[in-house]
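Structure first, then comments.
The values are calculated or read from the model by the stated rules, or taken from the named source; none is laboratory data. For clarity, every value in this text was computed on a predicted model and none was experimentally measured. For neighbour counting, all protein chains shown are included, and Cβ atoms are generated from backbone atoms with ideal geometry for every residue, glycine included. The accessibility values were calculated without ligands, DNA or RNA, using every heavy atom of the protein model including side chains. Shrake-Rupley method; radii C 1.70, N 1.55, O 1.52, S 1.80 Å.
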Amino acid sequence: MSQVPSHPTESNNSATTTDVTPVVALKELVSRLHREQNKIQDLLSSLGFALRSFNNLNQFLELIPLMATRVTDADGSALFLYKPNGQIRLEQLHWQDSRQRKNIRKALEIASSQVTLVANTAPLATATGILDAQMHHQLGPDVQIFGTAILVKHTERGWLYVLSRDPEYSWTETRQKLVRLVADQTAVAIENDELAVELRKKERLDQELEIGAEIQRRLLPRQCPSIPGAMVAARCRPANRVGGDYYDFIPTNQNQIYLHNNRGSQDAGRWGLVIGDVMGKGVPAGLIMTMMRGMLRGEVLHGNSPGGVLQNLNRVMYADLENSHRFITLFYSEYNPQNRVLSYSNAAHNPPLWWHAATKTITRLDTLGMLIGLDANSEYEDAQAQLEPGDTVIYYTDGLTDAAAASGDRFDEENLVIAFQEACRYCQNPQEIVDYLFEQVQQFIGYERNNTDDMTLVVLQIQ
């Protein structure tokens, strides 16, 4: 009799079971790795969203140890940051086991208190090693640690550590990269917060500068006065929002002040015409200019000669200017409409230019005198000029003559004299002269360039 063969299906099922088991295991492994990858991506995406959305740095830093723990499957994570004095501070801690968290925190705080470093005074590896040693000492050998520095613009600002009690836990290259990625996000958050603080400071400073500029604009004459037998025009162009140039038209008696403030009729009393320049630019120069304006206006009412006005002003301001290491050039004059006499005194300012209509020539109005604030005992000379109909006087600051072209050449006084002669020949009034002279300076330095110093010009023309 022939032997009955064994059932082929039994043999096939056994082979299939043997072949399918590793395939299923591999699929499960791939699926688990895929889930882990998605989890890490979701966590990092959440961290990126928080970085973009949070306005409060502390809120963001609270997430860092949690994220570092989750992406590395560790037991916990600790964030350490520098204090301004170089002391290292435990900023945030996350620990999975709430029962152990208190002891872990205490150990880490003790470890960080033993380390004081001034940022960038020690090599990075040395600084990290000191904290590593203290953490190992306080946490014991059962806790594995891995730390990476938090660098903001190549400056060490703290460390991010990941901790594990699992003896089988290993610091794989992937886990180390993930910790560094979280540390880099932390550095970006710290830098963004510091930039935001600086921006707020700048905005406050801009507001203060704008207030200062507005105050200064209000202190400069809003319009030129009506002087019998004369016409005046002026312009001040500061290099910054707040400048150190000063000009003014000052009534020399109370009746003039009343008429001028109330836009009344012309008064034949003397008018003070003054121009000055505080050394320097910006807010400090603007503050000194404001202080000087008040003192000068008060001094003019005492009825002294121009030289006496400058002498008294210098004595009053000397103490304040000595401490500020700044000085003032100032030209003060008084025009008498009744006899067309211009009385003046100069404290080392650029001498005004006087155009003689009869002779078509130019002379300078100057006297001996030191800078305001240089010597408390300085004396100032008085002088007078008899002006005639058609004569024109320009007062100016060195911002016009020092204006530089791209080549480095300066406009200088010689070019100003030539331009002034042309203006007196062809311009019809003081405002046209102001416009023409500023146009000549701008044309010289180039229309694409801005003035680097304050520019001020005042024109007095006798009718």
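For the subset of the range 352-381 comprising residues that are assigned to a strand (DSSP E or B) and surrounded by 13 or more Cβ atoms within 10 Å (Cβ to Cβ), which member is nearest to the chain's Cα centre (by Cα)?
Checked the range 352-381; the qualifying residue nearest to the chain's Cα centre (by Cα) is Ile372.
How many residues, within the range 403-432, are open to solvent by less than 30 Å² (accessible area, probe 1.4 Å) and free of Cβ contacts under 8 Å to residues at least 40 places away in the same chain?
4
Ile88 versus (1) touching a Gly at 6+ places or on another chain (Cβ under 8 Å); (2) at pLDDT below 85; (3) among the β-branched types (Val, Ile, Thr): which is the lone unmet condition?
Unmet condition: (2).
Condition first: surrounded by fewer than 19 Cβ atoms within 10 Å (Cβ to Cβ) and within 12 Å of Ala149 (Cα to Cα). Now tell me which residues in the range 177-186 satisfy that.
Of everything in the range 177-186, those that are surrounded by fewer than 19 Cβ atoms within 10 Å (Cβ to Cβ) and within 12 Å of Ala149 (Cα to Cα) turn out to be Arg180, Leu181, Asp184.
Restricting attention to the range 387-396, does a residue exist that is over 22 Å from Cys224 (Cβ atoms) and in contact (Cβ under 8 Å) with a residue 12 or more places away in the chain?
Within the range 387-396, not a single residue is over 22 Å from Cys224 (Cβ atoms) and in contact (Cβ under 8 Å) with a residue 12 or more places away in the chain.
Answer yes if at least one residue in the range 385-395 is exposed (fewer than 13 other Cβ atoms within 10 Å of the Cβ), assigned to a loop (DSSP other than H, G, I, E, B) and modelled with pLDDT of 95 or more, and no otherwise.
Yes, the conditions are met somewhere in the range 385-395.
May I ask you to verify whether Glu322 is buried (at least 17 other Cβ atoms within 10 Å of the Cβ) and either without any contact (Cβ under 8 Å) to a residue 60 or more places away in the chain or over 23 Å from Met279 (Cα atoms) (or both)?
No; evaluated as a whole, the condition is false for this residue.
For Ala111, state whether it is buried (at least 17 other Cβ atoms within 10 Å of the Cβ), at pLDDT 85 or above and in a helix (DSSP H, G or I).
In short, yes.
Could you give me the residue pairs with C-beta distances under 6 Å whose first residue belongs to the range 350-361 and is touching a residue at least 24 places away in the same chain (Cβ under 8 Å), whose second residue is among the polar types (S, T, N, Q) and open to solvent by less than 40 Å² (accessible area, probe 1.4 Å) wherever it lies, and which are 6+ apart or on separate chains?
Pairs found: Trp355/Thr392.
Run Val283 past the list (1) under 24 Å from Pro221 (Cβ atoms); (2) in contact with a strand residue (DSSP E or B) (Cβ under 9 Å, 6 or more places away or on another chain); (3) surrounded by 18 or more Cβ atoms within 10 Å (Cβ to Cβ) and report the number of the one that doesn't hold.
Of everything listed in (1) under 24 Å from Pro221 (Cβ atoms); (2) in contact with a strand residue (DSSP E or B) (Cβ under 9 Å, 6 or more places away or on another chain); (3) surrounded by 18 or more Cβ atoms within 10 Å (Cβ to Cβ), Val283 misses just condition (2).
Matching residues to (1) surrounded by fewer than 24 Cβ atoms within 10 Å (Cβ to Cβ); (2) at pLDDT below 95:
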{"site": "Pro306", "(1), (2)": "no, no"}
{"site": "Tyr318", "(1), (2)": "yes, yes"}
{"site": "Leu330", "(1), (2)": "no, no"}
{"site": "Ser333", "(1), (2)": "no, no"}
{"site": "Ser343", "(1), (2)": "yes, no"}
{"site": "Asn346", "(1), (2)": "no, no"}
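Just for the range 443-463: of the residues that are polar (S, T, N, Q) and surrounded by fewer than 17 Cβ atoms within 10 Å (Cβ to Cβ), which one is nearest to Thr329 (Cα to Cα)?
If we take residues in the range 443-463 being polar (S, T, N, Q) and surrounded by fewer than 17 Cβ atoms within 10 Å (Cβ to Cβ), then Thr452 is nearest to Thr329 (Cα to Cα).
Please state which of the following conditions Arg52 fails to meet, knowing it meets all the rest: (1) of a type outside the set (Gly, Ala, Ser); (2) open to solvent by 80 Å² or more (accessible area, probe 1.4 Å); (3) at pLDDT 85 or above; (4) part of a helix (DSSP H, G or I).
Arg52 satisfies every listed condition except (3).
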